[in-house]
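*Asks:* Below are the structure tokens for one structure; questions will follow.
Any read-out appearing in this document is the output of simple, stated calculations on the displayed coordinates, not a laboratory observation. Note that the structure is predicted; figures quoted are calculated from it, not measured. Cβ: placed from backbone, ideal geometry, glycine included. Neighbour counts: every protein chain shown.
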Amino acid sequence: MQKKIIALAIAGLASSAAFAQTNVQIYGIVDAAVAYVNNSNGRDGMAVQSGVLAGNRLGFKGTEDLGNGVKAIFTLEQGFNLDDGTSASATQSFQRQAWVGLSSNAGTLTFGRQYAPGYAAFVKHDALGAALLSAGMTLNASSGNTIAANSNARWNNSIKYVSPVFAGFQGELIYRAGEASNDMASNEGYGLGLAYAGGPVAVNYVYQHTDGSAQGSDAGLTAAQWVASTPNTGAIRDEHFIGATFDAKVLKVLATAQFAENQGRGLNGSSQVQLYTLGTIIPVGKGNIHANYGLLDLNGNNRKNGASGLGQSYAVAYTHGLSKRTTLYAAVNYTDLAGSTTPPSYVNASGSAATTLGLSAQNAANLINGGGNGTTVGFGINHAF
């Protein structure tokens with residue numbers, strides 16, 4: 001009996017020592033705003049909108065020191081809706097991030113559901129930090145772009161490598177395995193990210209390629225069936241992103257340019273998306289004034305029914321830090337879809353009509369089913385822990 005007690009004590013000490021080498025952090029963001037929407041369809045309304053300044057999340061992040069500068073790392077992160085307490089996904093336990101990997105002086109290698117390079121690059125050069133009422137986020141919402149801070153920027157079944165920083169430069173590579181049962185190339189993707197930061201200047205370039213062609217499963221479809229079949233499947237997409245920021249201390253100037261070309265079902269050939277933003281951040285006491293403008297140009301077969309294919313969005317926000325973790329904010333966004341008084345029938349990257357493109361599914365306007373032009377105003381609080 002005494003030997004068993006001694007053995008259990010030794011095992012307990014060993015497990016405690018192993019655990020001491022592992023650092024596990026629980027973190028998260030809780031964010032909500034009261035939003036009011038009014039649009040040219042004569043619809044208006046008020047809602048409590050979850051995650052306006054930043055998406056709500058609860059995460060677990062861990063590291064274990066393996067020696068010789070090598071660490072095991074992981075992140076598990078789930079999103080949730082603060083307005084009603086529901087999960088952001090009904091099917092994924094860790095919908096925002098779920099990955100494990102190794103880091104060392106040679107870089108970081110990770111596997112799982114993780115951000116493609118475009119996510120962080122977009123956030124870094126967006127004047128509102130990719131908040132839902134940002135001009136860039138509003139116009140990106142229905143463009144289908146994977147280079148944005150949204151669900152399209154999270155890749156399942158992916159392998160990612162991030163290099164160390166050399167003289168201000170850093171590189172990033174990602175590959176997404178399709179893992180389709182009848183066509184291993186279906187839903188495949190790969191991307192490249194390059195970043196430079198030195199003094200007041202920061203620059204990012206991102207290229208991402210996604211293939212949802214599903215060639216094996218679609219081989220027997222007629223032309224009519226091809227157009228009518230599942231959205232997004234059939235889209236081969238190449239995207240480029242350039243972002244630049246200059247920090248003059250008294251203000252920051254931020255600019256982005258995005259270019260995407262689609263080939264696939266529902267698009268009748270090739271279609272292009274161009275999106276440009278220009279913004280600024282101005283420190284004011286304990287807070288900041290944020291402003292940006294976005295111009296979206298949907299070219300070629302992205303247009304239908306004579307719509308011009310142009311969308312413009314304007315956003316202004318003020319953030320005020322009550323502490324290092326708690327921020328009050330107010331924001332307003334005005335978006336105009338080429339001056340139309342009814343929703344123009346755009347076609348998004350999935351090949352389906354995007355009648356709420358300018359007001360987007362990314363801000364409170366989706367609760368009102370708006371179109372044409374409209375204004376969204378939000379007042380909220382964000383707390384990070």
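*Asks:* At Ile242 and Ser323, where each label point lies 7 Å from the Cα along Cα→Cβ, what is the point-to-point distance in nanometres?
*Replies:* Output for this residue pair reads 4.4 nm.
*Asks:* Another question, then. If only Cα atoms are counted, what is the Rg of region 125-181, and what is its Dmax, in Å?
*Replies:* In order Rg, Dmax, the Cα atoms of region 125-181 give 14.7, 44 Å.
*Asks:* Same structure, new question: State, to one decimal in nm, how far the label point of Ile289 lies from the label point of Ser93, with both points 7 Å from Cα in the Cβ direction.
*Replies:* The answer from the label model is 4.9 nm.
*Asks:* Counting only other residues whose beta carbon sits under 15 Å from that of Tyr119, what net charge do I get with K and R as +1, D and E as -1? Show your work: numbers first, answer last.
*Replies:* On the way: positive: Arg57, Arg96, Arg113, Lys124, Arg154, Lys160, Arg176; negative: Glu77, Asp126, Glu172, Glu239.
So the surrounding residues net to +3.
*Asks:* So if we plug the beta-carbon distance of Ser163 and Val34 into 1/(1 + (r/R0)^6) with R0 = 35 Å, what FRET efficiency do we get, rounded to 0.05? Provide the component values of the computation, followed by the final result.
*Replies:* Working: r = 43 Å, r/R0 = 1.24.
So the FRET efficiency works out to roughly 0.20.
*Asks:* Could you work out the local net charge near Ile381, counting Lys and Arg as +1, Asp and Glu as -1, over the other residues with Cβ closer than 14 Å to its Cβ? Mind showing how you got there, number by number?
*Replies:* Values: positive: Arg325; negative: Asp31, Asp83.
Summing Lys and Arg as +1 and Asp and Glu as -1 gives -1.
*Asks:* Output the pairs from Lys71/Lys160; Lys61/Lys286; Lys160/Lys324 with a Cα-Cα distance over 21 Å in this structure; if there are none, say none. All intermediate terms of the calculation are to be shown ahead of the outcome.
*Replies:* Numbers: Lys71/Lys160 16 Å; Lys61/Lys286 30 Å; Lys160/Lys324 31 Å.
Those over the limit are Lys61/Lys286; Lys160/Lys324.
*Asks:* Follow-up. Going by average Cβ density within 10 Å per residue, which order do the peptides 130-136, 95-101, 280-286, 204-210 take, highest to lowest? Please list the in-between numbers first.
*Replies:* Working: 130-136: 30.0, 95-101: 19.0, 280-286: 13.0, 204-210: 21.0.
The packing order, highest mean first, is 130-136, 204-210, 95-101, 280-286.
*Asks:* Between Tyr314 and Asp65, what length comes free when the chain is fully extended (0.36 nm per residue of separation minus the Cα-Cα distance, one decimal in nm)?
*Replies:* Details: separation 249, 0.36 × 249 = 89.64 nm, distance 4.68 nm.
Roughly 85.0 nm would be gained on extension.
*Asks:* If you take the beta carbon distance between Phe379 and Ile282 as r and set R0 to 25 Å, what does 1/(1 + (r/R0)^6) give as a FRET efficiency, to the nearest 0.05?
*Replies:* About 0.80, to the nearest 0.05.
*Asks:* What distance in nm separates the simple spin-label points at Tyr196 and Tyr175, each placed 7 Å from Cα in the Cβ direction?
*Replies:* Placing both labels 7 Å beyond Cα along the Cβ direction yields 2.8 nm.
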